[in-house]
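Right, one structure below, let's go through it.
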Amino acid sequence: MIFVHYDADGGLSSSAMKLLTWYRQHVARLVVVSNSPIEVSDRGHLLEVATDLIIRENEGYDFGAWRDAISALGPLDAYDELCLANDSVLGPLFPADSLFDRVSALPNDVCGLVASWEYGWHIQSWFVCYKRRAFTSEAFKSFWRGIEARDSKAGLIESYEVGLTRALSDAGLSLGALFAARKSPGSLARLAVAARNMSPAEPDRSIELARRLRHLPELNPMHFQWDEVLAAGIPMVKRELLGNNPNRIDLKGILRRFPELGNSWVDPAK
């Protein structure tokens, strides 16, 4: 697994360590790529879990980090699967030791946890496993050779997160996920509340949410269907949901169910 980390303050959060410790129990090798400096004391703590540590400038965000780590690893022939992940989620929120087996059991060449229609159909990049047929393909290698810097998160998602899904699919590889975004009563109600909670100072966002009331699958399921994702046995929530909460989701339900998410270990603002 290649795991991308970033902390604007140069720290190593307890939430990242919690996630890494859990991942390490299920992978043969854990390469951590940090797009920010890490204090020497934290490096020692991190290397108690990680097998490799790469520290680099935050050029190209997560995709730039994955590109550089894949290049540094060299030939991948010794591996059956290559998993790429990042620290944008909090978890595990409940025991889910079968998760990796469930992902491996999917019949697809590329297997993620969550598929989204936001910006176009794609496997969300915060956790994706590539089987040998995928990561040895020319389409996979060509994609990573073409990674360049992007100025915005939205541009990165459209160019690379959606672009990678499209490139691999066009090459004849099959893609799947444990959870796929879909229309549901819960997401409809959550979107309606979010639209009402939008500030008058955010007219563009309000218009966008109103448009999506007619196209519910185009929502980000990690925000609007967090409860359904958890019910599917995926023990993570997005840090952004607990932090900036850009869609003004009512968080009372999730905080009532997981009160620890209100504690300091989640570092939600980072």
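The values are calculated or read from the model by the stated rules, or taken from the named source; none is laboratory data. Bear in mind the structure is a predicted one, so any value in this text is a computation, not a measurement. Cβ sites come from the backbone with ideal geometry, for glycine too, and all protein chains shown count toward neighbours.
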Boolean, Val114 is of a type outside the set (Asp, Glu) and in a helix (DSSP H, G or I): no
Among (1) buried (at least 17 other Cβ atoms within 10 Å of the Cβ); (2) more than 18 Å from Trp226 (Cβ to Cβ) - the single one Leu76 does not satisfy: (1)
Number of positions in region 54-93 that are closer than 15 Å to Ala28 by Cα and not charged (D, E, K, R): 8
Number of the condition not met by Gly60 [criteria: (1) under 17 Å from the mean Cα position of the chain (by Cα); (2) of a type outside the set (Ser, Thr, Tyr); (3) at pLDDT 95 or above]: (3)
Residues located in region 117-159, provided they are in a strand (DSSP E or B) and either under 29 Å from Phe224 (Cβ atoms) or among the hydroxyl-bearing types (Ser, Thr, Tyr) (or both): His122, Ile123, Phe127, Val128, Cys129, Tyr130
Every residue from region 105-124 that is modelled with pLDDT of 95 or more, surrounded by fewer than 23 Cβ atoms within 10 Å (Cβ to Cβ) and under 15 Å from Phe63 (Cβ atoms): none
Matching residues, region 231-246, being surrounded by 13 or more Cβ atoms within 10 Å (Cβ to Cβ) and over 27 Å from Cys111 (Cβ atoms): Gly243, Asn245, Pro246
Search result, residues across region 136-185 that are farther than 30 Å from Ala96 by Cα, surrounded by 15 or more Cβ atoms within 10 Å (Cβ to Cβ) and hydroxyl-bearing (Ser, Thr, Tyr): Ser137, Ser159
Of all residues making up region 12-70, the number that are assigned to a helix (DSSP H, G or I) and under 20 Å from Tyr160 (Cα atoms): 10
Only one of Gly112, Gly155 that is small (Gly, Ala, Ser) and in contact with a Phe, Trp or Tyr (Cβ under 7 Å, 6 or more places away or on another chain): Gly112
Criterion (outside any strand (DSSP E or B) and in contact (Cβ under 8 Å) with a residue 24 or more places away in the chain) met by exactly one of Ala96, Ala85: Ala96
